[in-house]
Amino acid sequence: MLTNNQVAMKLRGLLGAAAFLSALSASSGQPAQQTPPPSPEPQVVTVSARALPISAVSASITVLTRQDLEKSQAQTVVELLRQTPFLHLSRTGGRGGLAAVSVRGGDPNFTLIMIDNVPVNDPTNLLGGSFDLSSVSLDNLERIEIVRGPMSAIYGSEAIGGVINLISRKGDGRPSVSASGLAGNFETWQVGGSTSGKIRAFSYALAASRLEVGEQVENDSFSLGTVSWNSGVAVSGTQDLQFMLRVNDRESSGFPENGGGPEFSLLRDPKTVEAREAILDVQYLLRLSDRWGFRAGLDYYDRDEEAFTPAILDSSPPGPRTLPSFQTSTRFDRLRFGVSNSWDLTSRWATDVGFSIRQEDGSSRGLIAGLFPSDFSLERTSLSFNGELRYQSSDFHLNFGVGWDRSDDFQSEVSPRVGAAYLIGSSGARLRASWGEGYKLPSFFALGEPNTGNPDLRPERSRGFDLGYEQELGVGGAFLSLTYFRNTFLDLIDFSPQEFRLVNRTRSNTQGLEFEARLELWKELRLGGHLTYLDAEIEGTDEPLRDRPRWRGGVRLDWRPSARAEVGLETLWVGPRFDFQLPVREQDRAGGYSTSSLAASYRFPHGIEVFGRIDNLLDRRFHEFVGFPDPGLYARVGLRYRFEFQDRGGGSGSNDTTSTGGGVRPRR
């Protein structure tokens, strides 16, 4: 870890670089009157109760727009996020293997995953509540917002390290329908269709798809079906109703985690998973005046999973570290109701206040080694109050937030957060800083599993701070950003061999730097790059944190040779990572690797588009975990057809009411 003096030197260097780049921009930029009018600034909905312009956001955030999603030609969220800056997404084996994301060195279950602000983390699984992203396709998604740092002040438990919000597409414009199909190696195929539009006061967007991937290395296959519906209706000039439904159906098989993979597993039986989940959200919005907005929402999340994990042998004959087979059937559902009010107090001051109640029920029926039962059933009721006060001027933004949460069998939790953003004149430079605390309740599995669970576990906690500088240089669309962050995670839940159960005992610290740059090399030719440095430690031990690369970076080149064609090439570099696999304890590190992806599309007249994508373009035989080789080059090509109906006076326009008047965004 860096010493305090070294940290201070890095902060002084960061501020010095900010001053230098500001001066450079001021001296090289054109006069303000010659600058063309700026395009509308993107709005962000995940860091506050209402949509805010990205320049007013103090948090470290990455926004993947609809254009980013479409030009990637990806089929799943995993393919998209693994190349995204400042995230580390790892996958066990081929497509369909466990895909988990780590934000700034935190555990995967420290990141809250949401779909339209509905949390989908499942606390009944043995992963401690982390979410397997292989369950989500890109169907009907409009954009993805990623917030790095504690956000419990807004979202409560699970948002201890960061938030990833998958936001659905809304119907807009004339009604249209589309259909697509693709095929690739590993017996891959996908078919899908969608329709969307706006008819008078009613908007809708419906999509459905089925993706199948055959065996890639050995005993690994994957299928994913998705149906998604999002609609809204303007009841009156001041009232709106919004409705969202998403259903996922996934089946996968592959070698179990920690078992050595296809290269070292002593048994060749695959782990199998069948999971079905449904997400439902209903929102009512009322604009009482130009300064006052009200929202009431009800959402429901349900997940069923059947899984079988074969025995994992540590040696032959089996030794004391051998893990028996484990068969589970889990069920989890979460029902939440919440209301929130948003007031513009003055032209510069605004506040938001919200309340929610949620009921969670989880159960698991397990069988260890085919003989010993491992059953539990738990429920939890939680109350939450949230408040936020914001100040906004032309060049300075300040926000204070606090959340109060109370859950069954746990003491009340208070989660503060404060942030600020400062625009440095007309230089295109921005300084931002944020600090917050977060907490995570123990998962149902950690509390209730009869063999290793512990009902006396305390919540895990975090404190996070970051300081960032961003600069638009005004030359060739150049953009630079540099952020320093530091996190402390407390009361981490760990397994104690002495007590043979889970206990609170460890503390870890992470800190690092995040750098990003973008530049337009030539008309319609853009280059971007990113680099992350992470320093992480567990206090009181020399043992490193698993699957946390010290260095991670990438470059992306986007080219639009014509109005109809797009090409994107990106390369990712990931440094070595600590790992452990039971059959090969002498190999404790997965080597660094690089992988490249190529995506291209061409739009013909009459709504026809040909597209394709190649992952692992150079067919590199790298390992994300010891014993789990990447399947190699993965190519597919497809055809998409879109038909738009003629306008018959139904009207068009966006039905996105999240930023109208005093309208507020659902939080919990």
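The values are calculated or read from the model by the stated rules, or taken from the named source; none is laboratory data. Bear in mind that the values here come from a model prediction, so they are computed numbers and not experimental data. Cβ placement follows ideal geometry from the backbone for every residue including glycine, while neighbour counts extend to all protein chains displayed. The protein model used for the area step is the full one, side chains on, heavy atoms only, and it has no ligands, DNA or RNA in it. Shrake-Rupley method; radii C 1.70, N 1.55, O 1.52, S 1.80 Å.
Quick notes on this one:
- For the range 37-121, size of Cβ-based charge dipole, Lys and Arg +1, Asp and Glu -1, in debye: 140 debye
- Each of the peptides 509-521, 94-106 was scored by the mean count of other Cβ atoms within 10 Å over its residues; in descending order, highest first, they stand as 94-106, 509-521.
- Percent carbon-and-sulfur accessible area, the chain, ignoring ligands, DNA and RNA, probe 1.4 Å: 58 percent
- Estimated 222 nm signal from helices in the chain, with DSSP H stretches of n ≥ 4 weighted -39500 (n - 2.57), rounded to 500: -2000 deg cm²/dmol
- Charge dipole of the chain (Cα centre as origin; +1 on each Lys and Arg Cβ, -1 on each Asp and Glu Cβ, all else neutral): 1880 debye, rounded to the nearest 20.
- Summary value for the range 541-649: 20 percent relative contact order, contacts being C-alpha pairs under 8 angstrom separated by 6+ residues.
- Tensor-based shape of the range 79-220 (alpha-carbon gyration tensor, a/c under 1.5 rounded, otherwise prolate or oblate): oblate
- Recomputing Cα Rg over 2.2 N^0.38 Å from the coordinates shown identifies the correct label among (i) 0.95; (ii) 1.12; (iii) 1.56 as (i).
- Residue (of Phe628, Gly425, Ala99) at the positive-pole extreme of the chain, dipole from beta-carbon charges: Gly425
- Heavy-atom accessible area per residue - the range 318-450, 1.4 Å, Å²: 47 Å²
- The spacing between the range 525-578 and the range 91-155, judged by their C-alpha centroids, is 18 Å.
- Relative contact order computed over the range 213-306 (Cα-Cα under 8 Å; 6+ residues apart), in percent: 26 percent
- Here the peptides 280-288, 321-329, 162-170 are ranked by packing, the mean other Cβ count within 10 Å, and the order with the highest first is 162-170, 280-288, 321-329.
- Taking only the C-alpha atoms of the range 373-502, the Rg (one decimal) and the largest Cα-Cα distance, Dmax (whole number), read 21.1, 66 Å.
- Placing unit charges on the Cβ atoms of the charged side chains and taking the dipole of the chain about its Cα centre, the candidate lying farthest along the positive direction among Tyr155, Phe410, Tyr602 is Tyr602.
- About its Cα centre, the dipole of the range 392-506 is roughly 280 debye, where the only charges are +1 on Lys and Arg Cβ and -1 on Asp and Glu Cβ.
- Packing rank of 125-134, 562-571, where each peptide gets the mean count of other beta carbons within 10 Å, highest leading: 125-134, 562-571
- Accessible area expressed per residue, the range 158-273, with surrounding protein chains retained (probe 1.4 Å, Å²): 37 Å²
- Of Phe376, Gly362, Asn386, farthest towards positive along the dipole that unit charges on Lys, Arg, Asp, Glu beta carbons give the range 349-388: Phe376
- Relative contact order of the chain, defined on C-alpha pairs under 8 angstrom at six or more residues apart (%): 15 percent
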